[in-house]
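The values are calculated or read from the model by the stated rules, or taken from the named source; none is laboratory data. Keep in mind it's a predicted model, so treat the numbers as computed, not measured. A quick note on method: Cβ atoms are made from the backbone with ideal geometry, for glycine too, and the neighbour counts reach across all protein chains shown. The area values use the complete protein model at the heavy-atom level, side chains included, leaving out ligands, DNA and RNA. Shrake-Rupley method; radii C 1.70, N 1.55, O 1.52, S 1.80 Å.
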Amino acid sequence: MPKLSEVKVPGDCATLPAGFWSAVGVWVEKPHVVNKRLCGAKETEGKDVEDVSLLLGVPHDPDVLSFLTCKVSPAGTHEGETRCSSSVRTFIPKVSKGANLQREVVLRDFVRQQVTFLPLEEDAEGKVSPKKSNIYQIQLCSHDSEGWSLELHVLSLDGWFSDGVVHPKLPWLTSELLPKLVRWASECRSSEFKSTLSLLPVEKYSLVYQQLKDKYKAMVKVWPEVTDPEKFVYEDVAIATYLLVLWAEEREEKDLTARQSFVDLGCGNGLLVHILTCEGHPGKGVDVRRRKIWDMYGAQTLLEEKAITPSESCLFPGSDWLIGNHSDELTPWIPIIAARSSHSCRYFVLPCCFFDFFGKYQRRQCKKSQYKEYIDFITELSQISGFNTEEDCLRIPSTKRVCLVGKSRNYPPSDEAEAERRRVHYIQSRQTTPGGQRSDIGDYGDGCHGNADDDITSGSSWGAGFQPRDRVEVVRNCASLPRDFVDGVVLQVANSLLGMTVDDSGGHHGNWNRGGSLSVSEVAGLLEQETLQLLKKECGGLQTLLKNNHQVFRGLQIKDGSL
């Protein structure tokens with residue numbers, strides 16, 4: 001087998017050889033992270049090599065069989081040690097053209113530290129045979145004192161076929177795939193979260209996503225909001241795809257015929273509600289603020305402008321699913337609301353901003369990322385609320401992609417009273433006590449207003465202390481400050497800069513006075529306390545005001561705070 005390329009592994013890599021097999025696992029299970037024309041792959045259960053060759057009807061071609069048979073010397077392994085494993089992976093392209101999905105045999109040789117990929121083809125009669133032209137192999141090689149390298153071998157350079165999707169060109173294997181494998185093999189990182197779409201069949205997701213993308217892509221051209229249309233449209237298409245496939249799997253599992261109903265709490269622009277409604281699911285969206293795009297959807301898309309305060313009047317016993325898509329301050333309440341709505345009510349949340357029940361979520365663990373800690377918090381409260389909670393990762397253009405799904409309960413309906421007692425205790429434990437000290441569990445959040453015991457157990461107002469966002473969005477980028485106020489600050493700072501003494505290096509340029517330089521703290525010292533207090537109420541304060549007037553000031557350096 002001719003060697004096509006070799007890439008050295010940098011440094012003295014302590015992750016090898018285990019890191020090599022971890023990198024191979026990424027390429028086999030998640031080829032879409034390198035090959036962007038794929039949606040993913042599905043790998044069948046591994047089998048003995050000889051059994052696979054018989055199952056697939058591999059002809060007695062000595063070249064092909066040499067890659068399907070592990071030729072291992074007796075000294076190479078110990079008794080009971082796995083020498084080889086094989087599986088078949090099916091490629092799932094992003095755009096399906098109706099043809100049969102393509103497959104290949106993946107043969108791992110753990111003694112020789114190599115993996116071989118053998119494409120399969122199927123004739124008109126359904127007979128499967130290897131495609132000899134596109135067989136390649138990746139091997140981990142040790143060079144003693146010189147370290148490690150990855151080598152790429154191909155069975156034959158002649159007749160290599162590339163379709164631009166499943167079968168890449170040979171230069172792509174050498175320039176893209178091999179360097180990626182080297183980097184993955186040398187990294188000692190493991191994700192805090194699960195793989196993407198771990199709860200769904202990827203092939204169904206790919207098909208539905210492509211259909212919805214084609215159907216709703218026109219929304220990008222008519223998007224009336226100030227937000228990025230491509231991000232928000234395609235993100236909501238992906239979330240809708242996830243829910244539609246999840247619900248289809250649920251109907252098949254439970255032998256249901258009616259499509260699931262839903263309520264989207266904190267629905268924002270309402271596009272997710274619109275897509276789910278158009279795809280046949282009855283439901284509505286609720287948000288504290290109406291958006292301009294709501295008028296574009298039509299009467300069939302039900303959107304309600306209303307503040308949601310957790311209470312007995314905000315339950316949804318007739319809905320199958322509650323949705324929280326970047327629902328911010330409502331996120332921790334959604335599992336609670338779902339649990340109290342009915343024993344059959346389920347939920348889906350995609351957490352974004354970090355909120356506790358009664359304020360901002362505050363960290364108490366430094367060994368986890370803030371995002372991971374918050375996901376664990378929502379998972380914990382979901383389980384205490386009575387849900388068997390599952391975690392998954394969506395394929396959306398966002399850094400916050402982890403969702404939580406509560407599809408079933410961890411207690412029977414007869415234990416509802418005990419389950420409610422646990423919920424009440426957990427919510428109480430996260431409130432601030434009258435003395436200002438937090439309980440053992442509740443070292444989070446910004447506290448609440450009102451008496452915890454009376455409010456929660458009273459039944460009608462168990463969300464007392466919850467702060468919904470304002471109906472009118474507050475602008476705090478200094479743009480709403482009085483014009484006279486802004487002009488006064490700008491003029492005061494500009495006069496101070498222009499009046500500074502300049503040295504021979506040149507504050508003056510011809511007839512122009514370029515002025516001096518001040519740090520932001522020095523600028524603050526020029527202003528009155530009343531002015532500074534007003535600026536503190538704005539996001540970014542004094543720095544934001546100065547940057548907003550970039551036509552006057554040059555060279556604002558945020559890192560060292562100089563102007």
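General observations
- The gain in end-to-end length when the Thr257 to Glu225 segment is fully stretched comes to 7.8 nm, 0.36 nm per residue minus the alpha carbon separation.
- Note on exposure: Lys169, Lys284, Lys8 ranked by accessible area (1.4 Å probe, complete protein assembly) read Lys169, Lys8, Lys284, with the most exposed listed first.
- For segment 95-168, the fraction of C-alpha pairs farther apart than 16 angstrom is 60 percent.
- Cα shape, segment 140-215, gyration tensor, a/c 1.5 rule: oblate
- Residue-span extension gain [Trp172 to Lys94] - 0.36 nm each, minus C-alpha spacing: 26.2 nm
- Annotation note: trypsin sites (Lys or Arg not before Pro) in segment 119-160 located in DSSP loop regions with a Cβ neighbour count of at most 14 within 10 Å are Lys127.
- The modelled label-to-label distance between Cys539 and Arg514, using points 7 Å beyond Cα along the C-beta direction, is 3.4 nm.
- Highest average packing first - 337-350, 485-498, Cβ atoms within 10 Å: 337-350, 485-498
- Potential lengthening of the chain between Ser480 and Leu532 amounts to 17.1 nm, from the contour at 0.36 nm per residue minus the alpha-carbon distance.
- When the listed pairs Lys42/Lys169; Lys36/Lys180; Lys372/Lys400; Lys213/Lys284 are checked against a 18 Å cut-off, the alpha-carbon distance exceeds it for Lys42/Lys169; Lys213/Lys284.
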